[in-house]
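Take a look at the structure set out below.
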Protein chains: 2
Amino acid sequence: MQQVVDFILEIDKLKGVTRKVRPLGLDRYENPAEHSWHIAMLASSLAPYADPGVDLSRVIAMLLVHDLGEIDAGDTFFFAESAGTKAKERACVERIVSLLPDPQRSSFLALWIELDEGETPEARFANAVDRAMPVLLNLANDGQSWRENGVSHEQVVRRVGPPIHAGCPALWAYLEARLDDANARGWFGAR
Amino acid sequence: MQQVVDFILEIDKLKGVTRKVRPLGLDRYENPAEHSWHIAMLASSLAPYADPGVDLSRVIAMLLVHDLGEIDAGDTFFFAESAGTKAKERACVERIVSLLPDPQRSSFLALWIELDEGETPEARFANAVDRAMPVLLNLANDGQSWRENGVSHEQVVRRVGPPIHAGCPALWAYLEARLDDANARGWFGAR
């Protein structure tokens, strides 16, 4: 039991990591812990749009662990990720899950790797949901993190379009139209 | 799809609600969104201590929706809950899930009610996890929210002991000893 407690207190640190998007109406930036809750809820809510073969409880399990690597690595803005980002995050996940005994240790690590590799239907759906969430907040926020970080419409479409389309085509069809509208309103950074 | 988006932006408000416990090492108070993520992870980590019949994915689904009622009702300190608290929270949950079409609307509401009623093995396990989390943070925090709010050792044991013991006896055995130790250290409010 002490191992579980050590693990759960270690991951509390995720609440102190800072992302680039602000929750609606709040001055502070979002943290990956509340973001992980939000995308787990988005995945559940999007169940009717998932392929029938997708096991939603595995999607949610993946989304809950997917940002643990940011405890050591920090949040890397999606549009600034480098080859080293994922390696640092994976080392952090391995360190943290090693606080737990098996089967939890292996199970959490396997979920993180599965999402990172993005090859199963569950990983594709989870990736789509994770990519869509900051877009939805920006669309409700007049493009706050796009404007603050100089991200263009073309960058967003090129980087998030393929993974969202691959995991949840109906979600991408919706977002593509909304992004065009946001572009017409000038909600992107000038590049 | 617009209904899902309206719902997911509405529940973003949970990030702005304030609880009584602080994340470890942070000055601010915790919010129910990050708390919900944290207890979903605690439930997963405690899988070996759950009764074999407990469906963990239903436990996690319950924990993810269990604080939605605080969007309108605010967070009520556990030791100050009144008869009206749950009614206000339920009205809020009904308002928010009505943004969604079925089956998601009914499914989220049913999960919230099941946890509130606390009669199924999943609800009992989920309740134990939810009650244990602030205790674990306080045990790592020199009793921060107990001292700030004048909560006694006897109040904690009387209010959280039965639900934690009912849902996860091994967790209560661990916490009971830790709470005795915390009492000896003077980490409770004087009552």
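No lab work stands behind these numbers, since they all come straight from the coordinates. Since the model is a prediction, treat every value here as computed from it, not as a measurement. Note that each Cβ is placed from the backbone with ideal geometry, even for glycine, and that neighbours are counted across all protein chains shown.
Sum up the charges of everything whose Cβ sits under 12 Å from the Cβ of A:Ala128, counting Lys and Arg as +1 and Asp and Glu as -1, but leave A:Ala128 out. Numbers along the way, then the final one.
Numbers: positive: A:Arg124, A:Arg131; negative: A:Asp51, A:Glu122, A:Asp130.
Every neighbour counted, the sum reads -1.
Count the net charge of all other residues whose Cβ sits under 9 Å from the Cβ of A:Lys20, scoring Lys and Arg as +1 and Asp and Glu as -1. Don't jump to the answer; show the numbers that get you there.
On the way: positive: A:Arg19, A:Arg22; negative: A:Glu30, A:Asp75, A:Glu148.
Residues close to A:Lys20 contribute a combined charge of -1.
Of A:Lys86/B:Lys15; A:Lys88/B:Lys15; A:Lys15/A:Lys86; A:Lys20/B:Lys20, which sit over 23 Å apart, Cα to Cα?
In this structure, A:Lys86/B:Lys15; A:Lys88/B:Lys15; A:Lys20/B:Lys20 lie more than 23 Å apart at Cα.
Short version: ³J(HN,Hα) in whole Hz for each residue of region B:44-56, in order, from phi by Karplus 6.51 cos²θ - 1.76 cosθ + 1.60 (θ = phi - 60°), x for Gly and Pro, what are they?
Per-residue couplings from phi come out as 4, 5, 8, 3, x, 9, 8, 4, x, x, 7, 8, 5 Hz.
Once you've got the GNM for chain B with C-alpha springs shorter than 10 Å, pick whichever of B:Leu24, B:Leu14, B:Leu171 has the biggest mean-square fluctuation.
Most flexible of the set in this elastic network: B:Leu24.
What do you get for the angle between helix B:104-117 and the principal long axis of chain B? Use alpha-carbon atoms, 0 to 90 degrees, nearest ten.
Approximately 30 degrees, to the nearest 10.
Round to a whole angstrom and tell me the spacing of the C-alpha centers of region A:91-135 and region A:2-58.
With region A:91-135 and region A:2-58 each reduced to a Cα centre, they are spaced 12 Å.
Going by how many other beta carbons lie within 10 Å of each one, how would you line up B:Lys15, B:Lys20, fewest first? Present the calculation step by step, with values, prior to reporting the outcome.
Values: B:Lys15 24, B:Lys20 20.
Final ranking by Cβ density, sparse to dense: B:Lys20, B:Lys15.
So for B:Arg105, B:Arg159, A:Arg158, A:Arg19, fewest C-beta neighbours within 10 Å to most, what's the order?
Details: B:Arg105 18, B:Arg159 15, A:Arg158 11, A:Arg19 22.
Sorted ascending by nearby Cβ count, the order is A:Arg158, B:Arg159, B:Arg105, A:Arg19.
Tell me, B:Ser36, A:Ser57 in order of fewest to most beta-carbon neighbours within 10 Å? If you can, show how the numbers build up before the last one.
Details: B:Ser36 27, A:Ser57 16.
Result, fewest neighbours first: A:Ser57, B:Ser36.
Considering only the other residues whose Cβ falls under 15 Å of the Cβ of A:Ser45, what net charge follows from Lys and Arg at +1 and Asp and Glu at -1? Before the final figure, lay out the partial values.
Working: positive: B:Arg105; negative: A:Asp130, B:Asp6, B:Glu10, B:Asp12, B:Asp102.
After counting each charged neighbour, the total is -4.
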